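Read the structure below first, then the notes.
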Amino acid sequence: KMTRLVPSKHDQALQKRSMLNYLRYDDGFESCVDKTKDPEAYKLKLLKLRILQSIANHHDRWTVNMFPRNPESKPALSSNIPITNKTSTFDPSKVKFNGGKILSTCRLITLNLEDFDGKAIEVLTNVLEEGKASTFLVDKQSDELEFRALTTLARLTTGGLQHYPSSVQKDMASLSSGSLKFGSRNWTVTQVRLGEMQTLEVLRSVATTGAKEMRRRVRNLDPSREESTSMRLQRSPCPIDLTLSLLEETEFEPF
């Protein structure tokens, strides 16, 4: 019998607050969601927070597996000898993206009142009341939602890259120049960091390309839809006070 680990009240509070960061951009709405001005949109945002809380520790909802940069690479004859002196990069023609679950999370983050045929609040409410939040996946609803979800993914990867003290170009230059001793601490750190940043850059490229394709499809189907609220993106995070108010709500607490 498996034991279910329940986070402490302190950990719950910290995790709930951290989930708010994913709801700072109210894409798909005319303006930033304000409880007093748009209670329906605010309720949807609260429901989204509750489900994010429920999947916060499900790693597959926040990560994506990528194939190795050089899948044909074989171990070196000795640990003192580099496998290759070339800096590894992804081959765009061989990149395979299977981001179904992380895209589901991005769709959840950017749902608006028009999604699920206008029944987004009803759908999320039922999911929470039936205790299915941890297994709930948001399938593709429309090209507009897909555009917002892919834009969210691109935004998150960009944010991730900004946390690194270096860049792909700088690390590739350092490794290619031979200035770092093979096997040294700095060499190892640079190799690992480069792989992480390259993966994020590939993921951002896939998301950005996909978002552009969704915008093109929307425009081709009906040019007027490109200017609709569902295609609207917030240029900057919404005021933190509007989002922090969600912490005061107690409805549908998952624990």
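The values are calculated or read from the model by the stated rules, or taken from the named source; none is laboratory data. Because the structure is a prediction, the values reported are computed rather than measured. Note: ideal-geometry Cβ built from the backbone for every residue, glycine included; neighbour counts use all protein chains shown. These area figures cover heavy atoms from the full protein model, side chains too; ligands, DNA and RNA do not enter into them. Shrake-Rupley method; radii C 1.70, N 1.55, O 1.52, S 1.80 Å.
Quick look at the numbers
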read-out	value
Enumeration of residues in the range 196-237 that are assigned to a loop (DSSP other than H, G, I, E, B) and either among the hydroxyl-bearing types (Ser, Thr, Tyr) or within 27 Å of residue 66 (Cα to Cα) (or both)	228, 236
Test result for residue 168, closer than 26 Å to residue 253 by Cβ and surrounded by 14 or more Cβ atoms within 10 Å (Cβ to Cβ)	no
Qualifying residue in the range 130-137 (condition: part of a helix (DSSP H, G or I), modelled with pLDDT under 95 and more than 25 Å from residue 24 (Cα to Cα))	no
Positions within the range 125-142 being over 16 Å from the mean Cα position of the chain (by Cα), under 28 Å from residue 203 (Cα atoms) and surrounded by 19 or more Cβ atoms within 10 Å (Cβ to Cβ), in sequence order	133
Contacts under 8 angstrom Cβ, first residue in the range 213-229 being free of Cβ contacts under 8 Å to residues at least 60 places away in the same chain, partner β-branched (Val, Ile, Thr) and surrounded by 13 or more Cβ atoms within 10 Å (Cβ to Cβ), 6 or more apart	226/218
Selected residue [open to solvent by 30 Å² or more (accessible area, probe 1.4 Å), among the hydrophobic types (A, V, I, L, M, F, W, C) and within 18 Å of the chain's Cα centre (by Cα)] from 156, 145, 161	156
Condition check for residue 104: among the polar types (S, T, N, Q), open to solvent by 50 Å² or more (accessible area, probe 1.4 Å) and in contact with a Lys or Arg (Cβ under 9 Å, 6 or more places away or on another chain)	no
Condition broken by residue 230, with the remaining ones in (1) surrounded by fewer than 19 Cβ atoms within 10 Å (Cβ to Cβ); (2) more than 25 Å from residue 90 (Cα to Cα) satisfied	(1)
Among (1) open to solvent by less than 10 Å² (accessible area, probe 1.4 Å); (2) part of a loop (DSSP other than H, G, I, E, B); (3) among the aliphatic types (A, V, I, L, M), the one test that residue 180 misses	(1)
Filtered residues of the range 113-124 (kept if closer than 15 Å to residue 49 by Cβ and either buried (at least 20 other Cβ atoms within 10 Å of the Cβ) or small (Gly, Ala, Ser) (or both))	120, 124
Candidates 151, 158, 229 - the one that is under 26 Å from residue 120 (Cβ atoms), polar (S, T, N, Q) and modelled with pLDDT of 95 or more	151
Condition check for residue 134: under 27 Å from residue 50 (Cβ atoms) and of a type in the set (Ser, Thr, Tyr)	yes
Qualifying positions in the range 33-60 - under 17 Å from residue 114 (Cβ atoms) and either open to solvent by less than 60 Å² (accessible area, probe 1.4 Å) or not in a helix (DSSP H, G or I) (or both)	33, 38, 41, 42, 44, 45, 47, 48
Boolean, residue 173 is within 20 Å of residue 102 (Cα to Cα) and assigned to a helix (DSSP H, G or I)	no
Pairs where the first residue, in the range 183-212, is open to solvent by 50 Å² or more (accessible area, probe 1.4 Å) and the second is among the basic types (Lys, Arg), C-beta under 7 Å, 6+ apart	187/181
